[in-house]
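Asks: Mind looking over this structure? Questions follow.
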C-alpha cells in the first residue's frame, strides 16, 4: 500500500511541476481548478492500475466513483476557464507578484505547491480504498451506502452546475439571484454535492477496515472544511451581496450548505 501511495505522490509532484511551467508560459493559473477534479481521477486510476491484477470489486467501484466525479468536474471547470479566461480570484492573488516580475515563484508557492498537497490528501479515501481492496473484496453494506451518498452528490453537483449555467446565460438574469431549482434549498448545491461525493467514497473505502477509515477520513473532513469555512462558501459570498441586491434576503431564507426548505416571511 505504501508503494502505491509513493507512486501517486510522484505523479502529483511531476504533474504539478509540468502544469506550473504551462501556467508560467501562458501567464494564467486559473486552470488549476480543473486540475483539482481531474487530478483526483488520475490518482484513482493510477492506484487501480497498480493493483489491477489483485483488485476486488470494491476497488473498481471506488475507482469508478472517483473517476466519474473527477472527469465531470474537470471538464466543467475547464470549459468555464476557456469561456471566461483568468479567474479574478487568482488575478487578485498574484497581481502584485506579476507587476513585480515574480509571477513564476508566486504561482508555485501560493497555487501549485499547496494544491499538490491538498489534492493528494483529499483523494486519500479513493487511493487507500483501492489499494486496500484486494480480491475478493466484495461490495458490502458500507460500500452500498457510500455509493448511494455519492450518487446524491453527483446529482446535486451536476444539476446545480447546469441550473447555474442556464441562469448565467440568460441576459434577463443580470443582477438577479438564482433561487429556483436546487438553489431554492441550498445556496451551494454544487459544494454540498462535492462533500457528499467524498464522504460517500470514504464510506466505501472504510469497508476495507478501521485503519483505512482512520487514515483517510482527513480527506472528506478537509474538503468539507474548505467548502464551508475557507475558500468555498465564505470566499464566494464575501462581496456578492454588494453586486446582487437581493442576495442578503436570499441568505436570510436559504440554507447555506445542507439542503432544507426555505424560511418563510
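Asks: Percent relative contact order of region 1-121, based on C-alpha pairs within less than 8 angstrom and at least six residues apart?
Replies: 39 percent
Asks: Sequence gap at least 6, Cα distance under 8 Å: using those rules, report the relative contact order of the chain to the nearest whole percent.
Replies: 22 percent
Asks: Go ahead and set up a Gaussian network model of the chain, Cα springs under 10 Å, then flag whichever of 137, 67, 99 fluctuates most.
Replies: Maximum fluctuation in the GNM of the chain, among the listed residues, is at 99.
Asks: What's the percent breakdown of Cα-Cα distances in region 2-253 across 10 Å bins, shortest bin first?
Replies: The distribution over region 2-253 is 7, 29, 33, 22, 8, 1, given as percents.
Asks: On to the next question. Under the classification rounded if a/c is under 1.5, otherwise prolate if a/b is larger than b/c and oblate if not, where does region 180-231 fall, given a ≥ b ≥ c as square roots of the Cα gyration tensor eigenvalues?
Replies: Oblate.
Asks: Here is a follow-up. Of the candidates 131, 19, 61, which one comes out as most mobile in a Gaussian network treatment of the chain with C-alpha springs shorter than 10 Å?
Replies: 19
Asks: Here's another thing I want to ask about it. Sorted by packing (mean other beta-carbon atoms within 10 Å per residue), highest first, where do 107-118, 80-91, 182-193 land?
Replies: Top of the packing list down: 182-193, 107-118, 80-91.
Asks: Still on this structure, I have one more. Shape of region 59-121 from its Cα gyration tensor (a ≥ b ≥ c, root eigenvalues): rounded if a/c is under 1.5, otherwise prolate when a/b > b/c, or oblate?
Replies: Taking the square roots of the gyration eigenvalues as a ≥ b ≥ c, region 59-121 is oblate.
Asks: Let me ask something additional. Which of rounded, prolate or oblate describes region 1-53 when judged by the alpha-carbon gyration tensor and an a/c cut-off of 1.5?
Replies: Judged from the Cα gyration tensor, region 1-53 comes out prolate (a/c at least 1.5, a/b above b/c).
Asks: Under the definition of Cα pairs under 8 Å and six or more residues apart, what whole-number percent is the relative contact order of region 88-243?
Replies: Computed over region 88-243, the figure is 32 percent.
Coordinate-derived values only; no laboratory data. All of these numbers come straight from a predicted model, not from anything done at the bench. Counting neighbours? That spans all protein chains shown, and the Cβs are built from the backbone with ideal geometry, glycine included.
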